[in-house]
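Taking it in order: structure first as structure tokens, then the write-up.
The values are calculated or read from the model by the stated rules, or taken from the named source; none is laboratory data. If you're wondering where the values come from, they're calculated on a predicted model, not measured in any experiment. Cβ: placed from backbone, ideal geometry, glycine included. Neighbour counts: every protein chain shown. Please note that ligands, DNA and RNA were not included when accessible areas were found on the heavy atoms of the full protein model with its side chains. Shrake-Rupley method; radii C 1.70, N 1.55, O 1.52, S 1.80 Å.
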Amino acid sequence: NAGVTQTPKFRILKIGQSMTLQCTQDMNHNYMYWYRQDPGMGLKLIYYSVGAGITDKGEVPNGYNVSRSTTEDFPLRLELAAPSQTSVYFCASSYSNGPRTQYFGPGTRLLVL
Amino acid sequence: GQQLNQSPQSMFIQEGEDVSMNCTSSSIFNTWLWYKQDPGEGPVLLIALYKAGELTSNGRLTAQFGITRKDSFLNISASIPSDVGIYFCAGPATQGGSEKLVFGKGTKLTVNP
């Protein structure tokens, strides 16, 4: 199993550009999550999904959109990139039963200039 | 919402020293998770605690679930350079009818050879 994979690893965007951060998991997890990590601030939840076709907002959803058409994939969309979205983005997944122990991808580093 | 406070924020130690860090909350948690994040990588689960008073080890790492259920401790014995990274505590919190993980801001560990 590859676990949770994310692409790209690194991206530079200009203000106003759009992009999609890809996330795929091969563990058949129902739950998937997107976090952003800013220096010294820990992880903040952007969006999450409890299964295909179901998504919900987390703590900091503004400026982002998600979709979940399959169990495996959970892409994060930035429509109009802003400098405040410069961050490291992590995707995670977990089983739907139990304490929700989450498994993380390697992250996407995004720089908006 | 529920918050986790980690201390210390950062630690600078010599190789071979023991390390202690903790995580506290104003509310009760039923599960405590400890993650480690290597530089440039996503967080990786180290230890999961499910019962008040539980003491669990993973190699040189030992974590304890506080009796009050409002705190947890992580100890690393005989530190080595590869222990460098950020250590996060996390616990499940129910928000809006769904269970999500709440993360502390992390303890950054530096080990000098």
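Quick notes on this one:
- Residues of the stretch B:20-48 that are within 9 Å of chain A (Cβ to nearest Cβ), over 10 Å from the mean Cα position of the chain (by Cα) and not charged (D, E, K, R): B:30, B:31, B:37, B:40, B:42, B:43, B:44.
- In the stretch A:39-48, residue farthest from the chain's Cα centre (by Cα) [restricted to those that are facing chain B (nearest Cβ under 7 Å) and not hydroxyl-bearing (Ser, Thr, Tyr)]: A:40
- Some residue of the stretch A:77-89 being closer than 20 Å to residue B:105 by Cα, open to solvent by less than 60 Å² (accessible area, probe 1.4 Å), at pLDDT 95 or above and in a loop (DSSP other than H, G, I, E, B): yes
- Residue B:82 vs. criteria in contact with a Lys or Arg (Cβ under 9 Å, 6 or more places away or on another chain) and open to solvent by 40 Å² or more (accessible area, probe 1.4 Å): no
- Restricting attention to the stretch A:71-109, the residues being more than 20 Å from residue A:31 (Cα to Cα), away from chain B (no Cβ under 14 Å) and among the aliphatic types (A, V, I, L, M) number 4.
- Residue B:51 being charged (D, E, K, R), within 13 Å of another protein chain (Cβ to nearest Cβ) and part of a strand (DSSP E or B): no
- Meets criteria (hydroxyl-bearing (Ser, Thr, Tyr) and in contact with a strand residue (DSSP E or B) (Cβ under 6 Å, 6 or more places away or on another chain)) for residue B:94: no
- Being in contact (Cβ under 8 Å) with a residue 40 or more places away in the chain, touching a helix residue (DSSP H, G or I) at 6+ places or on another chain (Cβ under 9 Å) and not in a loop (DSSP other than H, G, I, E, B) is a property that residue A:109 lacks.
- One residue stands out among those in the stretch A:54-65 that are open to solvent by less than 30 Å² (accessible area, probe 1.4 Å) and assigned to a loop (DSSP other than H, G, I, E, B): the one that is nearest to residue A:111 (Cα to Cα), which is A:61.
- Of the residues making up the stretch B:16-59, those that are under 17 Å from residue A:43 (Cα atoms), at pLDDT 90 or above and among the small types (Gly, Ala, Ser) number 2.
- Selection within the stretch B:56-113 - under 13 Å from the mean Cα position of the chain (by Cα) and among the small types (Gly, Ala, Ser): B:57, B:63, B:66, B:72, B:85, B:90, B:91, B:104, B:106
- Unmet requirement for residue B:59, which otherwise passes all of (1) surrounded by 12 or more Cβ atoms within 10 Å (Cβ to Cβ); (2) farther than 14 Å from residue B:86 by Cα: (1)
- Residue under evaluation residue A:51, criteria (1) within 15 Å of the chain's Cα centre (by Cα); (2) touching a residue at least 12 places away in the same chain (Cβ under 8 Å); (3) open to solvent by 50 Å² or more (accessible area, probe 1.4 Å), criterion not met: (3)
- Unique residue being more than 12 Å from every other protein chain (Cβ to nearest Cβ), surrounded by 14 or more Cβ atoms within 10 Å (Cβ to Cβ) and on the phi < 0 side of the Ramachandran plot when the list is A:36, A:68: A:68
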